[in-house]
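What follows is a short report on a single structure.
The values are calculated or read from the model by the stated rules, or taken from the named source; none is laboratory data. Small disclaimer: the values here were computed from a predicted structure and weren't measured. Every residue, glycine among them, receives a Cβ derived from its backbone with ideal geometry; neighbour counts consider all protein chains shown. We work out accessible area using only protein heavy atoms, side chains counted, and drop any ligands, DNA or RNA first. Shrake-Rupley method; radii C 1.70, N 1.55, O 1.52, S 1.80 Å.
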Amino acid sequence: MSLPSPHQAEQPSGSALGLAESAQLFKACGDEIRLQVLRLLQQDTFGVLELSALLGIKQSAMSHHLKVLSTAGLVESQREGNTIFYRRPLLVPSDAGVEESVLGRVFDLVDELSISDEVRHNLIQIRTQRAEQSQAFFARHADDMQLLQERVAEYGLYAEPVLRLIDQLRDTDWQHAIEVGPGEGHFLVELAQRFEQVTAVDNSAAMLEKARQHCEQAAAAAIDFRHLDTAEAKASGLEADLIVMNMVLHHVASPQCVIEDCSAMLKPGGCLIVCDLNHHDQRWTRDACGDLWLGFEAAELRKWAEASGLEVGECLYIGVRNGFQVQVHEFRRPALAGTNRLSMQNHNSAPYTVVSSS
């Protein structure tokens with residue numbers, strides 16, 4: 001084995017960080033609590049109080065750990081209403097530089113760490129509290145939810161573009177569609193005209209009953225109504241060719257986990273359509289509309305989808321109304337090897353399209 005010459009050894013590596021940056025990174029990773037924080041942030045974002053409760057330490061100590069992680073570039077903050085949430089930075093493989101490449105390797109190692117039973121129990125409690133907060137809001141406002149929603153994004157603003165996208169993507173042998181969080185059921189009626197089998201999945205009994213009543217009045221074809229969250233739906237063995245979520249993610253306790261659940265329910269070659277708000281700063285929606293999250297960055301949704309084994313497809317941006325912009329994403333479960341699906345042959349529209357609203 002030949003050794004590099006002294007001149008060669010002095011050459012800086014194109015994939016190396018500087019000494020100062022490396023010292024910060026290694027210091028941040030050299031603590032058990034901070035490693036647990038990074039592991040917990042794999043699938044979710046949490047506030048200081050939530051992280052303190054998860055790991056059983058004081059808020060002041062958790063704030064210190066988060067400051068160290070932030071200085072090293074391992075976490076970033078995002079304000080949601082009056083609360084600051086922390087998440088791991090979004091790493092985009094297509095334009096990742098040296099720092100992003102190193103952070104990606106660190107996260108890969110961290111994600112191999114196990115989570116203790118106690119922390120898992122605390123995690124379930126926090127997500128349950130978030131879900132109960134959302135469910136309580138929908139139970140109180142089931143009769144006027146459409147009016148509240150239209151203050152943010154009117155149904156007609158996004159329903160037509162989403163339906164056009166579905167009609168463009170729909171394969172001739174697709175039979176089963178699932179809508180997660182169907183609201184008052186208007187979109188279910190449209191799906192029933194396009195698919196032999198339609199299932200409505202919602203963890204709010206009040207909203208599910210509203211959707212059922214609307215579909216009966218519209219004389220829609222038989223629709224299966226399931227009072228489940230997505231984790232329960234996945235566990236029940238539900239599978240579909242298409243799953244749609246219209247303006248749902250900003251109401252759920254853990255958006256990335258919901259995308260992961262939906263990915264698991266998709267048949268090979270099937271599509272997940274996510275229609276939701278771009279990230280915004282209108283905090284009044286938390287109290288007025290029961291929003292848990294103030295929209296999402298497009299890169300955030302794409303990262304969660306890819307981490308769940310989905311391929312990124314079409315993306316629409318639908319106008320701006322009252323300071324809100326709606327984004328629509330198609331994520332596809334890869335088809336089985338050797339399958340030539342019609343919808344893939346018909347991908348003719350531009351991947352990023354802006355649809356103006358009136």
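Scan segment 160-218 for GluC sites (Glu not before Pro) in coil per DSSP, keeping those whose Cβ has at most 15 other Cβ atoms within 10 Å, and list them by number.
Details: sites: 179, 184, 190, 196, 209, 216; in loops: 184, 196.
Passing both the DSSP loop test and the Cβ count: 196.
Enter the mean projected area of the convex hull around the alpha-carbon atoms of segment 249-305, in nm², rounded to one decimal. Could you put the intermediate results ahead of the total?
Working: hull surface 16.2 nm².
Hull-based average projected area comes out at 4.1 nm².
Structure shown: which of 234/303; 67/234; 210/234; 210/303 lie over 28 Å apart, alpha-carbon to alpha-carbon? All intermediate terms of the calculation are to be shown ahead of the outcome.
On the way: 234/303 21 Å; 67/234 37 Å; 210/234 23 Å; 210/303 33 Å.
Long pairs (Cα-Cα over 28 Å): 67/234; 210/303.
Excluding residue 76 itself, what net charge comes from residues whose Cβ is under 10 Å from its Cβ, given Lys and Arg +1 and Asp and Glu -1? Intermediate values should be presented prior to the final figure.
Working: positive: 87, 88; negative: none.
Residues near residue 76 contribute +2 overall.
Give, as a single signed number, the net charge of other residues whose beta carbon lies under 9 Å from the beta carbon of residue 313, with Lys and Arg counted +1 and Asp and Glu -1. Could the numbers behind the result be given before it?
Values: positive: 332; negative: 311, 314, 330.
Local charge sum for residue 313: -2.
Can you tell me the Rg and the Dmax, both Å, for the Cα atoms in segment 199-240?
My reading of the Cα-based Rg and Dmax gives 10.9, 31 Å.
Ranking request for peptides 227-234, 240-247: highest mean number of other beta-carbon atoms within 10 Å first, then the rest in descending order. Numbers along the way, then the final one.
Working: 227-234: 19.5, 240-247: 24.2.
For the peptides 227-234, 240-247, the packing ranking is 240-247, 227-234.
What Kirkwood hydrodynamic radius, in Å, does segment 178-284 give when the mean of 1/r is taken over all pairs of distinct Cα atoms and then inverted?
That comes to 14.1 Å for segment 178-284.
Express in Å², to the nearest 10, the accessible area of residue 172 obtained by rolling a 1.4 Å probe over the protein heavy atoms while all chains stay in place.
Surface accessible to solvent at residue 172 totals approximately 120 Å².
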